[in-house]
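Undergrad: Mind having a look at this structure? Questions to follow.
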Amino acid sequence: MSKKPDDKFRSQIDRINVVLDIVKQLKNYPTLNTGPVDLYKEEYVYVQRLKKIFSDYIKQPQDDLKQFKGVVFFEETVKRDAEYILPVLKSQEPLFVIRMKTKRA
């Protein structure tokens, strides 16, 4: 098995910065009426799920990197799905979007 060239892939520091940017946005989520709110509070169940996802993404071995992609439902707050793509290639941009409509009933 050949080793992946480091210049194409995000380092652990790069992956930490991806996560920190997302967390920063969640801690200052804009609202129309009340100003920014913190959607990244410990008491929210989805935050525990996000922390596990983020931790696994950051801590994966550099020689076996995998993109993380999925959806987390923000049940306690905005009642919407947050879609994420946490890339390993430097050429791909991360995605974290709280969708306006959810697929849940």
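Undergrad: Please determine whether any residue of the range 2-12 is of a type in the set (Ser, Thr, Tyr), over 17 Å from the mean Cα position of the chain (by Cα) and part of a loop (DSSP other than H, G, I, E, B). Walk me through how you get there before you give the answer.
TA: First, pick out the residues of the range 2-12 that are of a type in the set (Ser, Thr, Tyr): 2, 11.
From the residues that got through so far, the ones that are over 17 Å from the mean Cα position of the chain (by Cα) too are 2.
Within this subset, residues satisfying the condition of being part of a loop (DSSP other than H, G, I, E, B) are 2.
Yes, because at least one residue in the range 2-12 is of a type in the set (Ser, Thr, Tyr), over 17 Å from the mean Cα position of the chain (by Cα) and part of a loop (DSSP other than H, G, I, E, B).
Undergrad: Sticking with this one: Could you say which residue among 63, 56 is loosely packed, with under 13 Cβ neighbours inside 10 Å and under 15 Å from residue 18 (Cβ atoms)?
TA: Going through 63, 56 in turn, just one is loosely packed, with under 13 Cβ neighbours inside 10 Å and under 15 Å from residue 18 (Cβ atoms): 56.
Undergrad: Could I ask something else about it? Checking residue 34 against (1) part of a helix (DSSP H, G or I); (2) exposed (fewer than 11 other Cβ atoms within 10 Å of the Cβ), which single condition isn't satisfied?
TA: Condition (1) is where residue 34 drops out.
Undergrad: Can you list residue pairs whose Cβ atoms sit under 8 Å apart, with the first residue in the range 81-93 being within 16 Å of residue 65 (Cβ to Cβ) and the second being among the polar types (S, T, N, Q) and surrounded by fewer than 14 Cβ atoms within 10 Å (Cβ to Cβ)? Count only pairs 6 or more apart in sequence or on different chains.
TA: 85/67; 85/92; 86/67; 87/67; 88/67; 89/67; 92/67
Undergrad: In addition: In a helix (DSSP H, G or I), at pLDDT 95 or above, touching a Pro at 6+ places or on another chain (Cβ under 6 Å) and within 25 Å of residue 91 (Cβ to Cβ), is that true of residue 18?
TA: yes
Undergrad: State all residues of the range 41-93 that are basic (Lys, Arg) and touching a strand residue (DSSP E or B) at 6+ places or on another chain (Cβ under 6 Å); if no residue qualifies, say none.
TA: Narrowing the range 41-93 to residues basic (Lys, Arg): 41, 49, 51-52, 59, 66, 69, 79-80, 90.
Scanning the range 41-93 gives 49, 69, 80.
Undergrad: Given the criterion within 14 Å of the chain's Cα centre (by Cα) and farther than 15 Å from residue 97 by Cα, identify the matching residue among 51, 41.
TA: Details: 41 fails: within 14 Å of the chain's Cα centre (by Cα).
Only one candidate passes the filter, namely 51.
Undergrad: Mind checking which residues of the range 37-75 are in a helix (DSSP H, G or I) and of a type in the set (Asp, Glu)?
TA: Of the residues in the range 37-75, the ones in a helix (DSSP H, G or I) are 45-59.
Across the range 37-75, the qualifying residue is only 56.
Undergrad: Starting from the range 32-54, keep only residues that are more than 19 Å from residue 81 (Cβ to Cβ), then list their pairs with residues that are assigned to a loop (DSSP other than H, G, I, E, B) whose Cβ atoms are within a distance under 7 Å, requiring at least 6 positions of separation or different chains.
TA: Pairs that qualify, where the first residue is more than 19 Å from residue 81 (Cβ to Cβ) and the partner is assigned to a loop (DSSP other than H, G, I, E, B), are 36/28; 36/30.
Undergrad: Find the residue count for the range 76-105, including only residues that are of a type outside the set (Ser, Thr, Tyr), at pLDDT 95 or above and in a loop (DSSP other than H, G, I, E, B).
TA: Selection size over the range 76-105: 6.
The values are calculated or read from the model by the stated rules, or taken from the named source; none is laboratory data. Predicted model only: the values in this text are computed from it and were never measured. Virtual Cβ from ideal backbone geometry, glycine too; neighbours counted across all protein chains shown.
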